[in-house]
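Scroll down for the structure; my scribbles are underneath it.
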Amino acid sequence: MVGIEVGSTAVDFTLSDSSLKPIQLSDYSGKYVVLCFFPMSFSGNANDGCELQLCSMNHLYTTECDPDVIKVFGVSLDGPFPNGAFESKLGLQFPLLSDPTGSTVETYVGKCEFGKFFKENKISNAIDGMITSNRGCVVINPEGKVVYSFSGNGHPGLQPNLNEIKSVLPLKK
């Protein structure tokens, strides 16, 4: 198993949003927190990859979640400025956080040898050696326990199951 397991206590972190504001997980104690880990800003499209993952979560968040009860954050190894531009492009209603050291990514979903995956699947040799976040999703309940955990485990194309995510959240009726 790569990443954090269901039933584990969430590990606190502080990461920067796209405006350089520090976001600390423990500040959201008492709420459900959904962490959407994605490999790279500006990758994929509406039918696949990071854009699909984040837009699907944005739709869920804006149509079925009460923002006073549930907070959503995207997380990648990208810097705050590319993340901010990606947020704007996609019209996201939740912030994308930067994990420059990769320690939060490693704790929650693990890292992906993105370049190796592309090389082995004969997509491109140009980015061999590139490391990104695994695609994944972690849901933390108000008591700070992990109630859902998914990691693509080295396969950047695998998507978290939205129905499984919805099943652990108190959604609007």
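The values are calculated or read from the model by the stated rules, or taken from the named source; none is laboratory data. Values in this document were obtained by computation on a predicted structure and should not be read as measured data. Here the Cβ is made from the backbone with ideal geometry for all residues, glycine too, and neighbour counts use every protein chain on show.
Across the range 6-51, the qualifying residues are those that are under 21 Å from ASN163 (Cα atoms) and touching a Ser or Thr at 6+ places or on another chain (Cβ under 6 Å), and the one among them that is surrounded by the fewest Cβ atoms within 10 Å (Cβ to Cβ) is VAL6.
Quick one: in the range 15-50, which of the residues that are small (Gly, Ala, Ser) and assigned to a loop (DSSP other than H, G, I, E, B) is farthest from TYR108 (Cα to Cα)? Steps first, answer last, please.
Here is the first cut: in the range 15-50, the residues small (Gly, Ala, Ser) are 16, 18-19, 26, 29-30, 41, 43-44, 46, 49.
Then drop every residue that is not assigned to a loop (DSSP other than H, G, I, E, B), which leaves 18-19, 29-30, 41, 43-44, 46.
Values: SER18: 21, SER19: 23, SER29: 17, GLY30: 20, SER41: 19, SER43: 21, GLY44: 22, ALA46: 25 Å.
In this case the residue turns out to be ALA46.
Given the criteria surrounded by fewer than 22 Cβ atoms within 10 Å (Cβ to Cβ) and over 14 Å from the mean Cα position of the chain (by Cα), does GLY102 qualify? Walk me through how you get there before you give the answer.
On the way: surrounded by fewer than 22 Cβ atoms within 10 Å (Cβ to Cβ): yes; over 14 Å from the mean Cα position of the chain (by Cα): no.
No; evaluated as a whole, the condition is false for this residue.
Pairs linking a residue in the range 43-60 that is closer than 14 Å to CYS137 by Cβ and of a type in the set (A, V, I, L, M) to a residue that is at pLDDT 75 or above and in a helix (DSSP H, G or I), with Cβ atoms under 6 Å and 6 or more positions apart or on different chains, are LEU54/LEU90. Could you go through the range 61-68 and let me know if any residue there is at pLDDT 95 or above and at positive phi. No: zero hits. Screening the candidates VAL6, VAL72, VAL34, VAL2 for the property of being at pLDDT below 95 and under 22 Å from GLY144 (Cβ atoms) yields one hit, VAL2.
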